[in-house]
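As structure tokens, the structure follows; a few thoughts come after it.
The values are calculated or read from the model by the stated rules, or taken from the named source; none is laboratory data. What you are looking at is a predicted structure, and each value in this text was computed from that prediction instead of being measured. Backbone-built Cβ (ideal geometry, glycine too); neighbour counts: all protein chains shown.
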Amino acid sequence: MSKLRFTAPTIFALTVIVLIALAACSPAAVTPTKAPATAAASSADATAEATAAPVVASGWPDLKGMEIRVAVENAYPPYNYIDTNGDKIGWDYDTFNAICELLNCKATFVETAWDGMLASLGSGNAGFDVAADGITYTPERAQSVDFSQLYQAYDETLLIRDSETRFKTVADLQGMSDYTVGTQTGTTNEITANKLFPGHVKSFDDTFGAVVQSLIQGDIDAVVVDRPAAEGYITTQGGMKTLTESLAGVEGLAFAYPKGSKLIFPINAAMSALQASGKWDEMYTKWFKSSTPEQATEEPATEEATVEMTTEATMEATAEMTVEATMEATAAPTTAPTKEATMEVTTEATAEATP
């Protein structure tokens with residue numbers, strides 16, 4: 001089965017190419033706006049502390065041990081979920097803990113239902129400072145929330161039962177008279193499902209895990225889902241597979257913040273530093289390349305194995321990305337620091353990021 005996987009250098013290269021195109025035909029990057037006046041006091045305090053954070057001798061913004069509250073569903077493997085031992089684990093947990101090691105902060109994870117996650121951020125009254133959870137950047141969402149630089153590119157696919165023999169392609173499924181495709185309410189997957197399978201979509205208001213359980217139990221015939229998440233469910237639950245074809249073009253994931261959050265700059269800087277050090281690829285390999293997180297811990301993948309994470313089909317799909325589609329998917333990183341500011345995080349760069 002074809003897996004769409006991008007290492008940090010691949011994403012960085014794609015972003016550079018697109019930003020060159022943006023520089024030639026788009027206005028300058030827009031700096032984050034000030035936080036809404038209705039923002040909760042706790043969020044305002046957090047962003048104020050991040051803005052005022054001094055730069056320590058090492059060159060990093062020092063958040064002075066502040067708590068950063070991260071929203072997760074705990075039901076979206078491999079990003080975040082509860083394992084068989086009852087432990088809360090996933091890529092989101094490892095990533096924000098690594099970010100806080102650099103920034104001198106403490107990541108606290110707040111279990112939050114997806115259906116209200118972005119809405120509460122947009123209202124300025126969220127009980128958290130940043131949302132993880134594998135959120136797709138879209139221009140529409142960027143009107144109400146701010147985004148980090150992109151951290152992963154992916155495609156959408158159909159998740160089906162391993163025993164499924166009635167169809168092998170999207171066209172086969174569309175040709176059936178009686179079928180149901182499941183998805184989660186309020187996701188980009190729901191938009192894709194309604195576009196490709198009108199009149200045959202069942203949207204679930206619960207967690208994405210409920211959609212997957214409905215597939216396993218035979219109540220629906222397929223699930224529209226991001227490929228990394230599909231592979232996560234296959235690894236954790238088994239009995240399923242994905243179609244090799246993609247349902248839509250390549251899209252990008254980013255962390256979401258309240259408008260005007262001052263956490264964007266330091267977290268973007270830490271993300272880029274983790275990419276440069278190789279730690280980012282190490283975490284990616286652990287959660288997206290290995291069959292289980294435990295296996296990745298015991299037998300770290302070699303650099304060659306990490307590079308081979310993209311298949312020939314994936315490379316072709318990447319090459320076919322149009323500038324127009326990529327510009328929409330990468331509009332979020334235009335608010336990120338420059339390369340020098342991101343890698344060095346100098347005092348001057350930090351001051352420029354502070355309104």
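Gly239 is checked against (1) more than 26 Å from Asp129 (Cα to Cα); (2) in contact (Cβ under 8 Å) with a residue 24 or more places away in the chain; (3) within 19 Å of the chain's Cα centre (by Cα) and fails just one. What number does that condition carry?
Answer for Gly239: the failing condition is (3).
Are any residues in the stretch 68-107 more than 18 Å from Trp287 (Cβ to Cβ), out of contact with any helix residue (DSSP H, G or I) (no Cβ under 7 Å at 6 or more places or on another chain) and part of a strand (DSSP E or B), and if so, which ones?
Within the stretch 68-107, Arg69, Cys105 meet the criteria.
Could you identify the single residue in Ile267, Ile234 that is farther than 30 Å from Asp62 by Cβ and either assigned to a loop (DSSP other than H, G, I, E, B) or not small (Gly, Ala, Ser) (or both)? Steps first, please.
Values: Ile267 fails: farther than 30 Å from Asp62 by Cβ.
So the residue among Ile267, Ile234 that is farther than 30 Å from Asp62 by Cβ and either assigned to a loop (DSSP other than H, G, I, E, B) or not small (Gly, Ala, Ser) (or both) is Ile234.
Does Ala276 meet the test of being out of contact with any Leu (no Cβ under 8 Å at 6 or more places or on another chain) and either aromatic (Phe, Trp, Tyr) or over 25 Å from Leu118 (Cβ atoms) (or both)? Can you show your working first?
Working: out of contact with any Leu (no Cβ under 8 Å at 6 or more places or on another chain): yes; either aromatic (Phe, Trp, Tyr) or over 25 Å from Leu118 (Cβ atoms) (or both): yes.
So Ala276 passes the test.
Residues are listed down the side, and each one gets a yes or a no for (1) of a type in the set (Val, Ile, Thr); (2) farther than 17 Å from Leu263 by Cβ:
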residue: Leu102; (1), (2): no, no
residue: Val110; (1), (2): yes, no
residue: Gly122; (1), (2): no, no
residue: Val130; (1), (2): yes, no
residue: Asp155; (1), (2): no, yes
residue: Arg161; (1), (2): no, yes
residue: Thr165; (1), (2): yes, yes
residue: Val170; (1), (2): yes, yes
residue: Leu173; (1), (2): no, yes
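With the structure loaded, tell me whether Ser246 is among the hydroxyl-bearing types (Ser, Thr, Tyr), touching a Lys or Arg at 6+ places or on another chain (Cβ under 9 Å) and outside any helix (DSSP H, G or I) or whether it fails that test.
Numbers: among the hydroxyl-bearing types (Ser, Thr, Tyr): yes; touching a Lys or Arg at 6+ places or on another chain (Cβ under 9 Å): yes; outside any helix (DSSP H, G or I): yes.
Considered against the rule, which asks whether it is among the hydroxyl-bearing types (Ser, Thr, Tyr), touching a Lys or Arg at 6+ places or on another chain (Cβ under 9 Å) and outside any helix (DSSP H, G or I), Ser246 comes out as yes.
Under the condition of being out of contact with any Phe, Trp or Tyr (no Cβ under 6 Å at 6 or more places or on another chain) and within 17 Å of Ala254 (Cα to Cα), which residue from the stretch 80-99 is surrounded by the fewest Cβ atoms within 10 Å (Cβ to Cβ)? Break it down stepwise before answering.
Step one: filter the stretch 80-99 for residues out of contact with any Phe, Trp or Tyr (no Cβ under 6 Å at 6 or more places or on another chain), giving 80-89, 93-99.
Imposing the further condition that a residue be within 17 Å of Ala254 (Cα to Cα) reduces the set to 80, 93-99.
Numbers: Asn80: 24, Tyr93: 22, Asp94: 17, Thr95: 25, Phe96: 23, Asn97: 15, Ala98: 20, Ile99: 23.
Taking the candidates together, the pick is Asn97.
Taking Ala46, is it at pLDDT 95 or above and assigned to a helix (DSSP H, G or I)?
Numbers: at pLDDT 95 or above: no; assigned to a helix (DSSP H, G or I): yes.
In short, no.
Determine, yes or no, whether Glu164 is surrounded by 14 or more Cβ atoms within 10 Å (Cβ to Cβ), among the acidic types (Asp, Glu) and part of a strand (DSSP E or B). I'd like the intermediate steps shown before the answer.
Values: surrounded by 14 or more Cβ atoms within 10 Å (Cβ to Cβ): yes; among the acidic types (Asp, Glu): yes; part of a strand (DSSP E or B): no.
So Glu164 fails the test.
Filter the stretch 108-140 down to the residues that are assigned to a strand (DSSP E or B) and either touching a Leu at 6+ places or on another chain (Cβ under 7 Å) or free of Cβ contacts under 8 Å to residues at least 12 places away in the same chain (or both), then identify the one that is nearest to Phe265 (Cα to Cα).
The selected residue is Val130.
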